[in-house]
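A.B. asks: Take a look at the following structure, please.
The values are calculated or read from the model by the stated rules, or taken from the named source; none is laboratory data. Values in this document were obtained by computation on a predicted structure and should not be read as measured data. Methodologically, a virtual Cβ is constructed for each residue, glycine included, from the backbone with ideal geometry; neighbour enumeration extends over all protein chains shown.
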Amino acid sequence: MGSLYDKADIYDLIESEDRYKAYKKHWEKLFEGKKIGSMLDISIGSGSVTIPVMDLGVSLSGSDLSDEMLGKCSIKISDKGYKPDLKTADFRDLSCWGKRKFDVVASTGNSLAHVPNEDALRVLEQMDEHVADTGYIYIDTRNWDKILREKKRFYLYDPFFVNDDRVNLTQVWDYNSDGSMTFNLLYTFEKNQTIYRKEKFEEYYIPLSRELIADKLASLGYKDIKYYSFPSYIPFENIDDEDWYAILATK
């Protein structure tokens, strides 16, 4: 089975105007009271998560390993009337950005768990090199601590509609003996109550604990590390219970 990341058209099926508004509201909450004029997303993908910051007057730059995703991202940015600033790069090597600094450097879409923990920590070092003085590192990620604690096998999304088609997405999680995880993504497409298409993808992850991230950020000199639900405007009582969360750390 291939990776969903190689199928930008299916990857973006879940996106909608409502989700765009939700992401915009997410960034409005996070950036409230902060002077933020520029942002770099080192795992920008097709841009769905971070393009809304441009509506807030923030200049957005982005890099990603997938040229197909960057192509989709470029079209989306242009369609919004903005100028794309995108580069092809593995987030473990951000040298393509030279000595440029940004008010926020972000890793979105649970991307850090795609690489071994030691590589993820080096990514944080790379990100830090591009953070302006008094700037921020932003991360959003699945709650791997919760996943490993609960050992859930099935993760079901609410059905959504694309034109007249109903799309169902189910994930089946395998816990591998080496501590890694394999997510099996099962898409079914229905029309007139009949399934006419099925797509299967496989994603490989290496769980990354919140403590490991926080300790590394602290060692890099980030003194104010705050946790939010994802999206950030949704209230929460205990971050340990969130399926997905965001981190915003101040340099």
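A.B. asks: Just one of (1) in a loop (DSSP other than H, G, I, E, B); (2) modelled with pLDDT under 95 trips up residue 161, so point out which.
C.D. replies: Just one mismatch for residue 161, condition (1).
A.B. asks: Same structure again: For the stretch 222-251, give me the residue count where each residue is closer than 17 Å to residue 128 by Cα, surrounded by fewer than 19 Cβ atoms within 10 Å (Cβ to Cβ) and not basic (Lys, Arg).
C.D. replies: Looking only at that region, the number is 3.
A.B. asks: Among (1) free of Cβ contacts under 8 Å to residues at least 12 places away in the same chain; (2) more than 19 Å from residue 140 (Cα to Cα), there is one condition residue 32 misses while meeting the rest; what is its number?
C.D. replies: So residue 32 meets the others, but not (2).
A.B. asks: Tally time: how many residues in the stretch 33-86 are in a helix (DSSP H, G or I) and among the aromatic types (Phe, Trp, Tyr)?
C.D. replies: Total satisfying the criteria: 0.
A.B. asks: Consider the stretch 115-147. How many of its residues are closer than 15 Å to residue 212 by Cα, in contact (Cβ under 8 Å) with a residue 40 or more places away in the chain and in a helix (DSSP H, G or I)?
C.D. replies: Selection size over the stretch 115-147: 9.
A.B. asks: Could you say whether any residue in the stretch 178-186 is surrounded by 14 or more Cβ atoms within 10 Å (Cβ to Cβ) and outside any strand (DSSP E or B)?
C.D. replies: Yes: one or more hits.
A.B. asks: Select, from 104, 167, the only residue that is assigned by TED's automatic domain parsing to the domain that holds residue 189 and either part of a loop (DSSP other than H, G, I, E, B) or in contact with a strand residue (DSSP E or B) (Cβ under 7 Å, 6 or more places away or on another chain) (or both).
C.D. replies: Criteria check complete, one pass: 167.
A.B. asks: Among the residues of the stretch 55-75, is any more than 17 Å from the chain's Cα centre (by Cα), within 19 Å of residue 101 (Cα to Cα) and crowded, with 16+ Cβ neighbours inside 10 Å?
C.D. replies: Yes, the conditions are met somewhere in the stretch 55-75.
A.B. asks: Here's something else I'd like to know. In the stretch 192-227, which residues are of a type in the set (Phe, Trp, Tyr), in contact with a helix residue (DSSP H, G or I) (Cβ under 7 Å, 6 or more places away or on another chain) and within 17 Å of residue 248 (Cβ to Cβ)?
C.D. replies: Answer for the stretch 192-227, where residues must be of a type in the set (Phe, Trp, Tyr), in contact with a helix residue (DSSP H, G or I) (Cβ under 7 Å, 6 or more places away or on another chain) and within 17 Å of residue 248 (Cβ to Cβ): just 227.
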